[in-house]
Amino acid sequence: MNLPNKLTLSRLVLTGVFVVCFYLPWTNAISIAMIVFGIASATDYFDGQIARARGIVTNFGKLFDPLADKILIAAAFILLTSDKTIPQELRMPAWIAIVILAREFFVTGIRLVAAGQGAVLAAERLGKHKMLWQILTVIYFMMRQASTEPLFSFMRPAFTSNPGVEQIVASAIVYFTTLLTLVSGFSYFWKNRRLFDDA
């Protein structure tokens, strides 16, 4: 197995570590989980860069790279919207997780249809931008909570000095990420609409 595909599989493993860290009864559990999430997210950048630089783009990578992305992002959004130990003001709105998961199921469905026709669809550029903003959204909301822990307590003033402005920033990030998620999903469908000519 080549290095990019190993990095892709490592993202799946790190997703499990991320989830475990999130629930560990440690003082800095969220801070550590956020660091693991950051490392896992970085593998998404490096596996693609290495694969293209070395000319080793494979069907395995085309399939499992976006799949690993979806599992990582889905885990993060579900945790941040469902964990009742997170104060309400720090919790991510549940509706954004619903929109994001619906989009990912929709795109996965398109890939399954393509696979049934003998084709493997790679992620498109807009989808990569969407992934980046989803990562930034997760890190922002995790940072809000991690700032209440000792490891990242130095960040607390950024979230408490002006709550009104901070809430506007959080809302802007959520709405922009949601819009980009919807647009990228529609774009992916439109570019592959030929798969549904028999509808």
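Things worth noting here:
- On inspection, LEU136 passes the criterion of being closer than 20 Å to GLN49 by Cβ and modelled with pLDDT of 90 or more.
- Among the residues here, PHE152 qualifies as over 16 Å from ILE71 (Cα atoms) and either hydroxyl-bearing (Ser, Thr, Tyr) or out of contact with any Cys (no Cβ under 7 Å at 6 or more places or on another chain) (or both).
- Whether a residue is out of contact with any Gly (no Cβ under 8 Å at 6 or more places or on another chain), under 24 Å from THR27 (Cβ atoms) and of a type outside the set (D, E, K, R) was assessed, and THR160 passes this test.
- Residue check, ALA158 more than 23 Å from THR8 (Cα to Cα), loosely packed, with under 13 Cβ neighbours inside 10 Å and at pLDDT 85 or above: no
- Scanning the range 52-72 for residues that are under 25 Å from LEU151 (Cβ atoms) and either hydrophobic (A, V, I, L, M, F, W, C) or crowded, with 16+ Cβ neighbours inside 10 Å (or both) turns up at least one hit.
- Matching residues, the range 133-155, being surrounded by 15 or more Cβ atoms within 10 Å (Cβ to Cβ), more than 17 Å from LEU79 (Cα to Cα) and among the hydrophobic types (A, V, I, L, M, F, W, C): TRP133, LEU151, PHE152, MET155
- Among the residues of the range 85-102, at least one is modelled with pLDDT under 80 and either among the hydroxyl-bearing types (Ser, Thr, Tyr) or touching a Gly at 6+ places or on another chain (Cβ under 8 Å) (or both).
- When the range 90-117 is filtered for residues that are in contact (Cβ under 8 Å) with a residue 60 or more places away in the chain and within 16 Å of LEU63 (Cβ to Cβ), the ones remaining, listed by number, are VAL107, ILE110, VAL113, ALA114, GLN117.
- Pick from the range 7-38, criterion part of a helix (DSSP H, G or I) and surrounded by fewer than 15 Cβ atoms within 10 Å (Cβ to Cβ), ranking: farthest from the chain's Cα centre (by Cα): TYR23
The values are calculated or read from the model by the stated rules, or taken from the named source; none is laboratory data. Note that the coordinates shown come from a computational prediction; the quantities given were computed from them, not determined experimentally. In this analysis, Cβ positions are derived from the backbone assuming ideal geometry, glycine residues included, and neighbour counts consider all displayed protein chains.
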